[in-house]
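What follows is a single structure, written as structure tokens, with notes after it.
Only the coordinates and a few stated rules stand behind these numbers; no lab work does. Bear in mind that the values here come from a model prediction, so they are computed numbers and not experimental data. So basically every Cβ, Gly included, is an ideal-geometry build from the backbone, and we count neighbours across all protein chains shown.
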Amino acid sequence: MKAGPIELGTEGKSSAPKAGMNRGVAILDFILRILAFIGTLGSAISMATTNETLPFFTQFIRFRAEYDDLPTFTFFVVANGVVSAYLLFSLPFSIFNIVRSKAQNSRILLIILDTAMLGLLSAGASAAAAIVYLAHQGNVRTNWSAICQQFNSFCERISGSLIGSFIGVVVLILLISLSAVALSRHK
């Protein structure tokens, strides 16, 4: 039997409740990853398929609004696509953490990558939110008119796609917090 340092308050306690708690955290991590994957993938698909055409005077002259008319929306689609792919590829690590609840290296790797993806996703969502705000409100000082009065369906779709992306941001924050809690329980 190996003698090691004893922390205060842990003399008579077994490690079974701690392992069960870490397994519960790992299961919650897996579920949240699936939820974030669905939100970010739905946002990317919703934005990428958004377009609207309005007739102008005659049927031959039309105004068309598409997501790729603005580079910010293209960045939003790419950022959501990259984060969706990452979340899909991180699911095996999450399953590994369920099976081996005491694994530390995979949790550290997930925290680092989750933080990078959080930065990418929040940058894309915030930039798109600024453009959506301008589309709805316009800016009188710069002479930008609000286009949402004419392109209703386009604006509804781009506004709706922001919701899934910001849900992904919140879920990534929760995932980082959960992984930090699980790591702190190993000490």
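Which order do the peptides 116-125, 142-151 come out in when sorted by mean C-beta neighbours inside 10 angstrom, highest first?
Details: 116-125: 20.1, 142-151: 13.8.
Averaged packing, sorted descending, gives the order 116-125, 142-151.
If I take R0 = 30 Å and measure r between the Cβ atoms of T49 and L28 in this structure, what FRET efficiency does the formula 1/(1 + (r/R0)^6) give, to the nearest 0.05? Write down the numbers at each step before the final one.
Values: r = 32 Å, r/R0 = 1.06.
Efficiency, rounded to the nearest 0.05: 0.40.
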**Asked** Roughly how many nanometres apart are two label points built 7 Å out from the Cα toward the Cβ at L174 and T115?
**Response** 2.2
**Request:** Along Cα→Cβ, 7 Å out, is where each label goes; now give me the distance between the ones at N139 and S184 in nm to one decimal.
**Result:** 4.1
